[in-house]
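Worksheet: the structure to be examined is printed underneath.
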Amino acid sequence: MSTKRISLTQYLIEQQRGEAQIPAQLRLLIEVVARACKRIAINVNKGALGDVLGSAGSENVQGEVQKKLDVIANEVLIEANEWGGHLAGMASEEMDDMLAVPNRYPQGEYLLLFDPLDGSSNIDINVSIGTIFSVLKHQGGPVTNESFLQPGTAQVCAGYCVYGPQTTLVLTVGKGVVMFTLDREQGSWVMTEDNVRIPEDTKEFAINMSNMRHWATPVKRYIDECLAGKDGPRGKDFNMRWVAAMVADVHRIMTRGGIFMYPWDKREPNKPGKLRLMYEANPMSFLVEQAGGVATNGLQRIMEIQPTQLHERVSVMLGSRNEVDLVTRYHQELK
Ligand code: AFP
């Protein structure tokens, strides 16, 4: 990390001028989303002192009970982005269908997808949560749900914000991964890592072990070998972490390596997995790959999956290259 800490604005202006050549509309989009994350952080940090905890008394398209902060974060992102002229439309975990930019505002060339508050089950227990976002180019014509059904390889930008002990924004525009920490005294994002790299090897896996009896054979084999430790086929001991917020588990991997898995399981065999492709798996896969990691669904690169539905789910294995390659190989041996 260079000693000079620059602001998000300076970084984006340099990217606009430099190799990445990010267009002005994309630069504006990122600044607007980053500002919205600051507003979400303010609401998250109120906790019991503000009317932000507990259930909103409604359900989202996934049939999950919405927390008040899910709804607040969703509204903050919509209100921040609808007037700027950089977007054609938005899609959110919290909305059944996409939202086209209202006619009273100019339409832009980008599509923004987001999980406004990932890890909602952690809100009331004061454990890290976050916002995940993905950016696609609108291919023209009227904006519909189908406009968003582009593979992860079509993403032009992805990022997340972790609302934890620090408030950290992690971002890629396809030229590596950078991290910014919120300087609360100035209210500005300050670069704290300029070249995030995920170690190819790790001794740390993240999976919800309570689902073990439901996993497919390749996942059971991989985890059993990790649990066997140095006396087993892996020849080394492993540690386990599970924050139950993808954004926090992925941030740990971006920071020190590891493998994160939320695989298919036999509880609902027709569901490919729990996590959503468009606004959880794809943006996280883009970031992981840009940091030198790997992201597959066990059989193929997540970013090459052709989406068929806005809220479709996917099995996720991502992180340190050599570990994800190994568990992917175990899946492919069974094909
Ligand atoms: P919530 O937003 O409902 O808490 O779900 C979070 C999440 O989608 C993802 O962020 C976690 O990795 C995963 O679910 C945790 O799932 P389990 O609660 O089944 O472990």
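Show which lysines lie in cross-link reach of Lys68 when reach means a straight Cα distance below 16 angstrom and same-chain residues fewer than eight apart are skipped.
Lys46
Taking the convex hull of the Cα atoms, report for the stretch 8-193 its projected area averaged over all directions, in nm².
Approximately 10.9 nm², given one-decimal rounding.
Using a Cα-Cα cut-off of under 28 Å, which lysines could be cross-linked to Lys230, ignoring same-chain neighbours fewer than 8 residues away?
Once the sequence-local lysines are set aside, what remains near Lys230 is Lys203, Lys220.
Expressed as an acute angle from 0 to 90° and rounded to the nearest 10, what is the orientation of the C-alpha long axis of helix 24-46 relative to the principal long axis of the chain?
For 24-46 against the chain, the angle is about 70 degrees.
Helix 8-17 against the longest principal axis of the chain: what's the angle in degrees, Cα atoms only, rounded to the nearest 10?
The angle comes out at about 90 degrees.
Evaluate the relative contact order of the chain (contact order divided by residue number), counting alpha-carbon pairs under 8 angstrom at least 6 apart; express in whole percent.
About 16 percent, as a whole number.
Taking only DSSP H segments of four or more residues, each worth -39500 (n - 2.57), what value at 222 nm results for the chain once the sum is divided by all its residues, to the nearest 500 deg cm²/dmol?
Values: 7 runs with 92 residues, N = 335.
It lands at -8500 deg cm²/dmol.
Calculated FRET efficiency, Gln166 and Glu14, Cβ-Cβ r, R0 22 Å, to nearest 0.05? Write out the running numbers ahead of the final one.
Details: r = 23 Å, r/R0 = 1.06.
The value I calculate is 0.40.
Net charge within 14 Å of Pro165 by Cβ-Cβ distance, Lys/Arg positive one each and Asp/Glu negative one each, not counting Pro165 itself? Mind showing how you got there, number by number?
On the way: positive: Arg184, Arg252; negative: none.
After counting each charged neighbour, the total is +2.
Helix 217-228 against the longest principal axis of the chain: what's the angle in degrees, Cα atoms only, rounded to the nearest 10?
70 degrees
Using a/c under 1.5 as the rounded threshold, could you call the stretch 114-170 rounded, prolate or oblate? The axes a ≥ b ≥ c are square roots of the C-alpha gyration tensor eigenvalues, and prolate needs a/b larger than b/c, oblate otherwise.
Details: a/c = 3.96, a/b = 2.32, b/c = 1.71.
Here the stretch 114-170 falls in the prolate category.
Laboratory data are not the source of any read-out in this text; all were calculated from the coordinates shown. Keep in mind the model is a prediction, meaning the values are calculated, not measured. Ideal geometry is used to build each Cβ from the backbone, glycine not excepted, and the neighbour counts take in all protein chains shown.
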